[in-house]
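The values are calculated or read from the model by the stated rules, or taken from the named source; none is laboratory data. Predicted model only: the values in this text are computed from it and were never measured. Note that we place each Cβ from the backbone using ideal geometry, even for glycine, and neighbour counts take in every protein chain shown.
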């Protein structure tokens, strides 16, 4: 690794030792050991993608590769054991620790990372109060023109009370006026929203 690349990519921010388990995909009721012994379990932060992951490797096999999201919950199920569900990986991970104190440290870090993710998401949805331009939002539903079509789910509303309302007929006319790809349509809608909000 060169000196210029040390600050790039994923960096470990917390490491502990635990036995790793996966929920049995067939029964969804019993645990299967994913590691033969206690292994290093690390939280990583990727500053270039603003992403947090929990990773654990035993030998050459990744026994945990879980991207943390704001809606994940780590549940302490016994004195030295806890678990979380990862929908993207389609599994439930379980960790068995040597002591309750070690489990407590992991829970604290998990909560700290979740709060950091929630802060990032809130910051991306807010605009500066008169001190600058709107903060761009990466979500496809960031445009009020697309918010009405957004799927229901865990996402926060795309339009905050501070944003001005735009007439629905005006939005529909604008949307129909362009027959471009969906990516370009999102950019056009967002630009339209910015121009309407500045009037």
Practice task
For residue 71, state whether it is assigned by TED's automatic domain parsing to the domain that holds residue 116 and modelled with pLDDT of 95 or more.
Solution key: no
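Let's see how each residue does on (1) closer than 19 Å to residue 102 by Cβ; (2) at pLDDT 95 or above; (3) touching a strand residue (DSSP E or B) at 6+ places or on another chain (Cβ under 6 Å); (4) outside the structural domain of residue 23 (by TED's automatic domain parsing):
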site: 42; (1), (2), (3), (4): yes, yes, yes, no
site: 50; (1), (2), (3), (4): no, no, no, no
site: 55; (1), (2), (3), (4): yes, yes, yes, no
site: 58; (1), (2), (3), (4): yes, yes, yes, no
site: 63; (1), (2), (3), (4): yes, yes, yes, no
site: 79; (1), (2), (3), (4): yes, yes, no, no
site: 82; (1), (2), (3), (4): yes, yes, yes, no
Problem - The listed residue being over 15 Å from the mean Cα position of the chain (by Cα) and buried (at least 17 other Cβ atoms within 10 Å of the Cβ), out of 63, 57 - result: 63
